[in-house]
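Undergrad: Take this structure, written in structure tokens, and hold onto it; I'll ask about it next.
Values quoted throughout were computed directly from the atomic coordinates according to the rules given, and no laboratory measurement underlies them. It should be emphasised that the depicted structure is a prediction, and the values quoted were computed from it without experimental measurement. Here the Cβ is made from the backbone with ideal geometry for all residues, glycine too, and neighbour counts use every protein chain on show.
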Amino acid sequence: MVSRYTLRIFYLLIVVIILFKVFNLGLPNELESPISKDYSVYHHDSIAYDYYSKTELQQSKIGYQWNIWPLPNDINPNDISPAHPTNLSFVDVIYIMTNARLVERHEHLKKVFHRQGISMSSVQWRMKWNRTTCHSSLSQVYERLNLKNRALTHDQQRRCAITMEHVDTWYEIAKLNIRLALILEDDVIFVPYFKEKLLRMISTLFRTGALHFNKTCLTRKQKQIASNEWIDQNPMFVIGTCFQFHDEHFQKSSPYAFPLLSTQKFNASRCTHAYLLTPCSARALIEELQMQKNDFQNSDFLQNYLFRLSSTLQSFWMDPPLAYQGNQIHDYDHIKTFRSQTYLD
């Protein structure tokens, strides 16, 4: 005979199980085993969960491994002076490369920003260029990119818009002297606790001398900087990745890998969906464009090309990445336009 006490315990367990299921409603099975060796990235509720952030799913703070990079409050407040126009410390403007017709992506990005507590007030939507404007303003395309006198192929015409949006943004950052700009493409998704991780990264860049504000830009010189130059350079900070690219020294196999910044002079880009530029690095990119006639290249290949030519530009990769592309992840939020390379349309 089952006692009333035993029945109460049984019913209580049933309630606990139901509540647990409700709490995790809609959670992909792959995210319920956070330390399984799965390097895939999962888009769930406007956040990208990779192998290095799945353990943060049920946590109220970032993983312990990030504490090796102190927050500004942990270091001398006289060393740096953050500004918050974007709700991202030190970042003055956020540029988003997109197309006016991609309304679904725009609405999704608003959710992404809201989930991370990032203000949309200083966002600049870049949507001037498409196949029509590339064709009608071809002379401007050739001037801005300083292209060789040869016709663009059909494929290059289709890729013209995204490259021109990026290059126009470099020109604006240089012209307006924007001290730190975050450049995104419209399918970007951030990992959990993006704001705090980015702040810890930027604070580390200040503390180690890789990033300076109000510093005279490094001018073009005859001899290139060293491939691992950390301080005397014009920097780009790549916080996104694609195709599982990581620095060779990053502890890729550990879900608790410590964050790592690495110099990547000759492999500057990891796609162009998430990176930061200073006015010095924007000017150096433009200067390098104008030094010689160029073949048309996609924005990421163009970055690689210009960084290899430049005597002052240095690229830094952030591992683990802080952002991913919507078309390279398992999308449980079902964003239809993530399934196509929309810039080719």
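Undergrad: Which FRET efficiency value, to the nearest 0.05, do you get for E196 and A151 by plugging their Cβ-Cβ distance into 1/(1 + (r/R0)^6) with R0 = 45 Å?
TA: My answer for the efficiency is 0.40.
Undergrad: Which values of log₁₀ I(q)/I(0), to two decimal places, follow from the Debye formula for the stretch 178-295 at q = 0.11, 0.18 Å⁻¹ with a uniform point scatterer at every Cα?
TA: Relative scattering, expressed as log10 I(q)/I(0), comes to -0.41, -1.13.
Undergrad: What is the distance, in nm, between label points placed 7 Å from the Cα along the Cα-to-Cβ direction at K110 and at F243?
TA: So the label points at K110 and F243 sit 3.5 nm apart.
Undergrad: May I have the convex hull volume per residue, in Å³, for the Cα set of the stretch 149-243?
TA: That works out to 184 Å³ per residue.
Undergrad: Just tell me which lysines come within less than 25 Å, Cα to Cα, of K54; anything on the same chain fewer than 8 places away is out.
TA: Of all the lysines, those that pass the test against K54 - Cα under 25 Å, at least 8 places apart if same chain - are K21, K37, K110, K111, K195, K197, K252, K336.
Undergrad: Enumerate the lysines that K215 could reach by cross-link, defined here as Cα to Cα under 22 Å, with residues fewer than 8 away along the same chain left out.
TA: Within the straight-line cut-off, K215 pairs with K175, K223, K265.
Undergrad: Extension gain N67-E229, at 0.36 nm per residue separation less the Cα-Cα distance, in nm?
TA: Stretched fully, the N67-E229 segment lengthens by 55.8 nm.
Undergrad: Now, a different point. How charged is the neighbourhood of N267? Take every other residue with its Cβ under 12 Å from the Cβ of N267, and add Lys/Arg as +1 and Asp/Glu as -1.
TA: So the environment of N267 carries a net charge of 0.
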